[in-house]
Each structure stands twice: as C-alpha cells, then as structure tokens.
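Trainee: My questions all concern the structure below.
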Amino acid sequence: MLNCEERSLNGRAAAHALHAKHQSQHLTAPGTAAFLAKFEDEVDPMRVLPPEERRRRAAHALKAYMARLALKSAQVRRDRADRGAADQLRTMVKTIQDLIDPAQPGEGR
C-alpha cells in the first residue's frame, strides 16, 4: 500500500506522462467548456437571449465569480497575516516579560 507521499509522486508521474502524450488544451477542453457553460446557464437558463447578449452577460458573470474568489482569497491572506502578527506580538511580550522579571531557577510564573 502506498503512503500519502508515494501516492502524490505516483499521480504526478502519471500526469506528466499523460501531458507528454497529449496536448493539454485537448485534455482540459471539456472541463473548460462545462465551466463556462455554467455561466451561460446562470444568465439565460431558458435560452431566450440572443447568443451575443448571452455570451456578454456570461462573461460578466464569470468576472463577478472571479472577483468574489479574489476577495475571499484576500480576506484569508489578511486573516492569516493578522494571526501571524498576533503570535509574534505574544512572543515579543513574553520575551520582554522574561527580560524584566526573569523567573528564578525552580520557580514558575
């Protein structure tokens, strides 16, 4: 049985072998088409709009989707940075406290 790292390496090797035999665009085209069709379905589920208008609206729906992803990503990065800064501050405060009032050997705080 393969462990997690071996499965990852095995999958990576298989992906490289697949892309060595085929053009990447051909492999991803069906998924890309389905992803983009989702936005056309969102803006015109009954297909009543002219194709050009449907594509225009779908393009804006895609941009809105990507903008929401970017916002979420920025929020997560900010939250991680805030947590990192708070951890650093706690460490600095502890270090300063230890410098000001070092505990005697055998004594605890």
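Taken together, the values in this text are just the output of simple stated rules run on the coordinates, not laboratory data. Only a predicted model underlies this, so the values are computations on that prediction, with no experimental measurement involved. FYI the Cβ positions are ideal-geometry reconstructions off the backbone, even for glycines, and counts take in every protein chain you see.
Trainee: Note down the nm distance, to one decimal, between modelled labels 7 Å out along Cα→Cβ at residue 19 and at residue 1.
Mentor: With each label placed 7 Å out from Cα toward Cβ, I get 3.1 nm.
Trainee: Show me, for the range 7-17, the HN-Hα J-couplings you get by feeding each phi into the Karplus relation (A = 6.51, B = -1.76, C = 1.60, θ = phi - 60°), rounded to Hz, glycine and proline as x.
Mentor: 4, 4, 5, 4, x, 5, 4, 5, 5, 5, 5
Trainee: Relative to the Cα centre, what is the charge dipole magnitude of the range 28-100, using +1 at the beta carbon of each Lys and Arg, -1 at the beta carbon of each Asp and Glu, and rounding to the nearest 20 debye?
Mentor: The calculation lands at about 100 debye.
Trainee: Evaluated at 20 °C with a viscosity of 1.002 mPa s, what Stokes-Einstein diffusion coefficient in µm²/s does the chain have when Rh comes from the Kirkwood expression over alpha-carbon pairs?
Mentor: After rounding, the answer is 106 µm²/s.
Trainee: With θ set to phi - 60° and the Karplus curve 6.51 cos²θ - 1.76 cosθ + 1.60, what are the ³J(HN,Hα) couplings of the range 36-46 in order, to the nearest whole Hz, using x for Gly and Pro?
Mentor: My calculation for the range 36-46 gives 6, 5, 4, 6, 5, 5, 5, 8, 8, x, 8 Hz in order.
Trainee: Which of these, 36, 69, 18, has the largest mean-square fluctuation under a Gaussian network model of the chain (Cα springs below 10 Å)?
Mentor: Its mean-square fluctuation being the largest, the pick is 18.
Trainee: Each residue of the range 50-62 in order: what ³J(HN,Hα) in whole Hz does its phi give by Karplus 6.51 cos²θ - 1.76 cosθ + 1.60, θ = phi - 60°, with x for Gly and Pro?
Mentor: For the range 50-62, the Karplus curve yields x, x, 5, 5, 4, 5, 4, 5, 4, 4, 5, 5, 5 Hz.
Trainee: Helix-only estimate, please: 222 nm mean residue ellipticity of the chain, summing -39500 (n - 2.57) across DSSP H runs of length 4 or more and dividing by its residues, to the nearest 500.
Mentor: Result for the chain: -29000 deg cm²/dmol, rounded to the nearest 500.
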